Structures are given as C-alpha cells and as structure tokens.
Amino acid sequence: MAVAFDAVSEKLDDAPAGSSSWSHTCSGAQRCLLVFLSIHTNTFSCQATAVTYNGVSLTSLNTGHVEFAVRTELWRLTGPASGANTIAVTWDNGTDDVHRISHGISYTGVDQTTPNRTVQSGTGTDGAPTLTYTNSQAGDTVVAHMGDDNGWYDVSSGTQRAKNQVGDFPNVYGSIAEKTNGTSVTISWSKVWGSDYWRIISVGLVPGAAAGSPPPRRSRAMRHMLVR
C-alpha cells in the first residue's frame, strides 16, 4: 500500500504560554501522525515536554537547535484515532519570550509496526536550506520540516505541504515538504527574503502491506510438518 498525504493543520503562538492546542482530522487506513515544532526563543529554554492527540501521547523522534536562533522538534503517533481530535503540546518554560509554529501532518498507507526509517537532521546559515536523506528505500515517502529564524522560503525541490511565519522581528518560520523518490532523497528550499539560521528534520515513512495481502508462502517442508 502506498503512503499518501492525508491532512495538515497548524497553530501559531506569538505570546508566551504553557500549552498549545488545535484540531486535526485524520482519515483513511494505516494512519500515521507527525507533529513538527518550530520555536524561536532568546534563551532556548522553551521546548515541548509532551505532545498528545486525542489524549494519546506521541513519541519524540528528534529535537535540536542551531545557535540561539531556532529549535525544531519531531513527534510521531502510529495509528491515531480517525476524525477530528485535538493535538495538545505542553511547553517547558513556555513563559519565555518565544514565537512558535506547530504543524500536524497525517499520512495513510504507513506500516503500523515499523512506521519510519531513521531520522536525519541538518543545520545551516545560508539562503538555500537543503538536506539529502539517505535512509529511505524504494516506495518510502520522505517528509522534511525546515525551521528558520528571520526568513521566508519556498520549497524548490519537493512537494510543499505547509509554510507559515509568526512574529515581526525576530520571527520564526516553519515549512513541510515531501518527496517519494528512491533511496537518496534531496528536499530543499530557496530564499524569498531574509536569511538566517535554519534546521531541517527529515524522516522516511514506510509503506504498509496492501489490504487483503496473502500470508507468507510456507515452504514444502513446513507444509509437510503441519499436515503431520
């Protein structure tokens, strides 16, 4: 079964707060929900301590920052409830002077036992954020998130699924793109204006088995043992 985009949602926070919440709707079969966070803070004391969807906890897959500029995080939930439910983020030291963009993005056709490959990340300070993801296999869909401090970008390689910015100066930018293309997948952005510190997180989503797939074929020796 092929991995397919389902839905995207977002929450913009331009004032200190201890929590954030917004609605996201998941549908289809073999569902997987990713939550990407972009955070600008003067001290890097603000980070997510918990993320839930419909009250069920997500797993943290990657967190990190570049200088005192931007922090990005990735959280995942396999088999989220279908329908419209609430994504809730609890922030550590959410009263710091911060701007935050939170994105939820869901997919269908994702393996429910091993939903993703190893996460990769990268950072930079130029106007062309790029990361080549080398952990994917044929049929995987690679999803990448880029968080930036004081810039605005368009996706130059990949399918754009979300982008937004919050704050005047300083500000924080968050964008999601995806691509399905072999074992080495490059997703990149090009600067529209500004340029500062950026961080990319990429993850490969593994396709699930097609509905109604037959069970693995047994060897002749195994069939003989079962008959006996």
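The values are calculated or read from the model by the stated rules, or taken from the named source; none is laboratory data. This one's a predicted model, so the numbers in the text were calculated from it and none came from an experiment. Counting neighbours? That spans all protein chains shown, and the Cβs are built from the backbone with ideal geometry, glycine included.
Take the residues in the stretch 160-179 that are free of Cβ contacts under 8 Å to residues at least 60 places away in the same chain and assigned to a strand (DSSP E or B), then tell me which one is farthest from HIS40 (Cα to Cα).
Applying the filter and picking the extreme gives LYS179.
Can you find, within the stretch 78-102, the residue that is modelled with the highest pLDDT among those that are touching a Cys at 6+ places or on another chain (Cβ under 7 Å) and within 12 Å of ASP13 (Cβ to Cβ)?
Per the stated criteria, the residue is TRP91.
Mind counting the residues in the stretch 65-101 that are exposed (fewer than 14 other Cβ atoms within 10 Å of the Cβ) and closer than 18 Å to SER23 by Cβ?
3
Test of understanding: among ASP148, ASP140, which residue is of a type in the set (Asp, Glu), surrounded by 22 or more Cβ atoms within 10 Å (Cβ to Cβ), closer than 24 Å to LEU33 by Cα and modelled with pLDDT under 95?
Result: ASP148 is the single residue among ASP148, ASP140 that is of a type in the set (Asp, Glu), surrounded by 22 or more Cβ atoms within 10 Å (Cβ to Cβ), closer than 24 Å to LEU33 by Cα and modelled with pLDDT under 95.
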